[in-house]
Amino acid sequence: MNRIKYSITLSVIFFSSVMAFGQMVEKSQQGSYLLKNAEIYTVTNGVITGDLKIVNEKIEAIGPNLDAADAEVIDCSGKRIYPGFFDSGCKIGLAEISSISLTQDHNEIGAYTPHMRALTAVNPSSVHIPITRLNGVTSAMTYPAGSLFPGKAAVIHLHGYTPEQMSAGSQPDILKWPSSGKRNRWDKRSKEDIEKDQKKALKKLKEFWKSAKVFAGMKGDKGYNPQLEAVQDVINNDAPLIIEVNKKEDILAALQWVNEENINAVFSGVSEGWRVADSLVANAIPVIVGPILQNPSRASDKYDAPYTNAGKLAKAGVLVAIRTTESENVRNLPFNAGFAANYGMGIEEAIKAITINPAKIFGIDDEVGSLEEGKLANLFVCDGDPFEMKTRISHVFIKGWSTPIESRQTLLYDEYLERDPGLKIKD
Amino acid sequence: MKQFFFSIVTLVLVLTTASAQEMGDLLIKNGTVITMEDGVKENTDVLIKQGKIKQIGQGIAGGNIRTIDAEGMFVIPGIIDAHSHLGIDAVNEATNPVTAEVFVGDAINPYDVGLYRALAGGVTTSHAMHGSANAIGGQCETMKHRWGEMNPELWRMKDAPRTIKFALGENPMRVHGEGNNVAPRTRMGIEQEFRRSFAAAKEYKAAKSKALSNKTAPPDYSLRLETLQDILEGEIIIHCHSYRADEILMLMDVLEDYGVSKICFQHVNEGFKVAPELAQFGAHASVFSDWWAYKFEVYYSTAYNAAILTRNGVVTSINSDSRELIRHLYHEAAKTQRYGDLTDEEALKLITVNPAIQLGIEDRVGSIKVGKDGDIVVFDGHPLSIYGTPHYTIVDGVVRFDINEDPDDVRVDIDATETIPAFYEQGNQDHEAEGCMHGVSEHGHHHNHNH
């Protein structure tokens, strides 16, 4: 009796704390799971009908009639399994409330800040994270965007109590290529001023890179020089340099620079990539495109230029990944990919652009990006085409952790759909 | 004198000709017609004559008017956006917490390329709103997207009811309290702006009628007080920028005290918390599908807002407040199927019938019905599917967007100094400065939404 009373009290406390704050979600669980009778969209090996077995953090087996042993069996009849979706450029964990600058951790002060590390500032408790997982997004490249060299991005999985637990290993350097375009619709600089600013920034870039190369050749104690130290992985060709560049002329100039400097580069943004697709292919530059759901870059562009860009690049033979640049709405990644799919990219390529292609770009395709034995169990189960809004996602696994299918937003729905008490008491 | 009379006649003639709207004849054949009025009709034709829907049925002969073969396609009413700032050159008169006298319809800009892009997303009518800097902002314009018409007059939806923008919460607090150190700096202060303004309007009216009966001089004419009086008399629909549950309840209490009932809450991110109260008051709600966390007052939001409001009987719409979202409101509406399981009919209502009700134009637009305006979108797939693409957007029977004849460059006012049109780095991120705080917030702040 006492025990019953105790558990009632406990459940009331638990229940009310969930209701009151609406932000605590259930804990994830790891173990052995057998996902039975599914359509398994492997991405790298076609669609397999059968079972998928997860043991601890990995996919142990894929095939027909797998032995459950002591695994928890999840009936997936009529359902599909996809590798977890991967946002190749966003601010998740680095930004909580946009208008409150003290919740923004992606925008450090300084002319050169390549030594800033996004992973340091990723907040594992961001309310955005469980909300994002519910749409099948399990991994992301979250990046700083302040100065010319804003810092190192963090490739993370959307699960874990510490940044270290979330890290997928890769921390690529970012360069914001000096633009010859306007920043936005409110940029009132004259053409001459824009040219002057760009020239100055390019000079800064080239001087910095020269110093970094000199630094590379130095022997003995090099002293404390974190900025120059930070880019040595790029200079040694151990890591890619992600270059944010959008305008046609700037893309071509950046291409010339990376060739001269022999840099292993990935271009991001590339909103006018479609104008120079051939050059990107010829130089084997992978690209991170997006958001797909954005306005065209020029008033004269066709309305669908941002929708068709990714498809045009993929058709030309460029390795394409898709990003949102969002934080709170990284959950729209599948819909960004869906628009790209509908406007020329096709479903299969669009799926690759948010699974295996980013894994390749960030050098972790031996771990994630497809459903293969031995890879991390980053995957989700759904009842149809994952780009369709009607489709329901029933399970999301990240590194084998079965994450809760709830978020503060679903809890608010549960609480308020039929609010009790309903109407206020009138006097 | 005779000459003067003649020139007046000429002027009137010119004006009448110039303001004649183009009304089209069009036959849309064999489509799946989602009427939003009378169910879904397979293999059905819609005939538009002189800009109005004349007939819905099978085997309609149109004679030699333009015919669209819609076999295998979906035909829906033109999409209506109850919250936009496209096509106006001024948004915020942020000089006073109360500016009921101003009117965005004085600043219509038919050259805004964003309007064509909205048409390409199936939007035929939009509510061009004043911004949210002031507790009582300016009056708004309901426009029909007659892209290609250069005369601003032709963009007005004639006979649409008057509407006005109100605003609660952070924006008026920031602009006036924080920015200028004048009230309101708090949500308490905002309540008193309404009470003070409505009381002044009543006094003004009383003074006017007293002067009339006493045959004394009337009070000085005030367009601000005249407008406020029109609100109290129910001649203007209030569209109120709002977020938090408490401030929504506050405004309903104030309106109840003054006997005002026509109100649509805009954004209303916490509307789901007071859905029963909104339904009881008869207040409407026009919401984002999934925007949140761009400021503190929207941190406790849920993408299930539209579904909770709908299920509680609140007339709800999904709006854009953005030159980006307005391009795919059909997709925004479809998100309510992931977030709250709305049916196809319920989801499509959010962008057709319901915004029409909120703007008081439901007798003209919002569904495919004989006698209504010939405003229609033809999709190649279901409009709520990610694979549904608008192919034709029709306003008053005139095809204003045709995917097969989409020009490479649609601009109609070209800056002669720009050999190549300017390139913008942040095609998308400009939406923060575009919306309700246009002309107020410091532009260029990265990712600083201020809706």
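Listing for the model above:
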read-out	value
Relative intensity, log₁₀ I(q)/I(0), of the range A:85-367 from a Debye sum that treats every alpha carbon as a point, q = 0.07, 0.16 Å⁻¹	-0.24, -1.35
Listed residues B:GLU332, B:GLU149 arranged by accessible area, highest first, probe 1.4 Å	B:GLU149, B:GLU332
15 Å beta-carbon shell around B:LYS210, net charge (K/R +1, D/E -1)	+2
Degrees separating the helix B:223-232 axis from the principal Cα axis of chain B, which is the longest one	70
Neighbouring partner chain Cβ atoms per residue of A:382-389, average, 10 Å criterion	4
Average partner coverage of A:322-333, which counts Cβ from other chains inside 10 Å	3
Under 19 Å from the B:LYS158 label point (7 Å along Cα→beta-carbon), backbone N, the range B:120-152	B:125-126, B:141-152
Förster radius 41 Å - calculated FRET efficiency between B:ARG195 and A:LYS206, Cβ distance, rounded to 0.05	0.05
Among A:223-234, A:174-185, B:246-257, the order from most to least packed when residues are scored by Cβ within 10 Å on average	A:174-185, B:246-257, A:223-234
Mean ellipticity per residue at 222 nm, deg cm²/dmol - from DSSP H runs of n ≥ 4 across chain A, formula -39500 (n - 2.57)	-9000 deg cm²/dmol
Prolate/oblate/rounded call for the range B:274-330, Cα gyration tensor, a/c under 1.5 rounded	oblate
Pair A:ALA69, A:VAL214: separation of 7 Å Cα→Cβ label points (nm)	6.0
Summed side-chain charge close to B:GLY148 - residues other than B:GLY148 whose Cβ falls under 13 Å, Lys, Arg +1, Asp, Glu -1	-3
Listed residue (B:ILE48, B:VAL75, B:ALA61) projecting farthest to the positive dipole end of the range B:46-90, Cβ model	B:ALA61
Solvent-accessible area per residue for the protein assembly as shown (1.4 angstrom probe, square angstrom)	39
Förster radius 45 Å - calculated FRET efficiency between B:ALA422 and B:TYR221 (Cβ-Cβ, nearest 0.05)	0.50
Dipole magnitude of the range A:85-367 about its Cα centre (Cβ charges: Lys, Arg +1; Asp, Glu -1), debye to nearest 20	860
Of all accessible heavy-atom area on chain A, the percent that carbon and sulfur account for (1.4 Å)	51
Value of relative contact order over chain B, rounded to a whole percent, pairs C-alpha under 8 Å and six or more apart	20
Restraint check, B:LYS165/B:LYS335; A:LYS36/A:LYS360; A:LYS375/A:LYS399, Cα-Cα greater than 18 Å	B:LYS165/B:LYS335; A:LYS36/A:LYS360
Estimated distance in nm for a label pair at B:LYS202 and B:ILE403, the labels positioned 7 Å out from Cα along Cα-to-Cβ	5.6
Calculated FRET efficiency for the pair B:GLN58/B:TYR387, C-beta based, R₀ 30 Å, to 0.05	0.65
Cα-projected label distance for B:ALA211 with B:VAL182, points at 7 Å along beta-carbon direction, nm	2.4
Cα-based reach from B:LYS372 at 25 Å (exclusive), listing lysines while leaving out same-chain residues under 8 positions away	B:LYS29, B:LYS41, B:LYS49, B:LYS52, B:LYS54, B:LYS144, B:LYS158, B:LYS262, B:LYS349
Chain A - percent relative contact order, Cα under 8 Å, separation 6 or more	21
Interface area, A with B, accessible, probe 1.4 Å, both sides summed, Å² nearest 100	7100
Computed magnitude of the charge dipole of the protein assembly as shown (debye, nearest 20; Cβ of K, R +1, Cβ of D, E -1)	1140
On Cα atoms only, tilt of B:2-18 relative to the major axis of chain B in degrees	70
Student exercise, the range A:81-170 dipole from Lys, Arg, Asp, Glu Cβ charges, in Debye to nearest 20	100
Within a Gaussian network of chain A (alpha carbon springs, distance under 10 Å), most fluctuating of A:GLY374, A:GLY50, A:GLY217	A:GLY217
Within straight-line cross-link reach of A:LYS213, lysines at Cα separation under 25 Å, skipping those fewer than 8 residues along the same chain	A:LYS152, A:LYS176, A:LYS199, A:LYS200, A:LYS203, A:LYS204, A:LYS222
Accessible area, probe 1.4 Å, largest first, for residues A:LYS53, A:LYS222	A:LYS222, A:LYS53
Tilt relative to chain B, helix B:329-338 - C-alpha long axis, 0 to 90 degrees, to 10	80
Farthest positive-ward along the range A:85-367 dipole, Cα basis, beta-carbon charges - from A:ALA299, A:THR103, A:LEU134	A:ALA299
Solvent-accessible surface ranking, highest first, for B:MET188, B:MET173 at 1.4 angstrom	B:MET188, B:MET173
Residue mean of other protein chain beta carbons inside 10 Å, B:325-335	3
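The values are calculated or read from the model by the stated rules, or taken from the named source; none is laboratory data. Computed from a predicted model, the values in this text were never measured in an experiment. Positions of Cβ are generated from backbone atoms using ideal geometry, with glycine treated the same way; all protein chains shown enter the neighbour counts. Quick note on the areas: whole protein, heavy atoms, side chains included, nothing else; ligands and nucleic acids left out. Shrake-Rupley method; radii C 1.70, N 1.55, O 1.52, S 1.80 Å.
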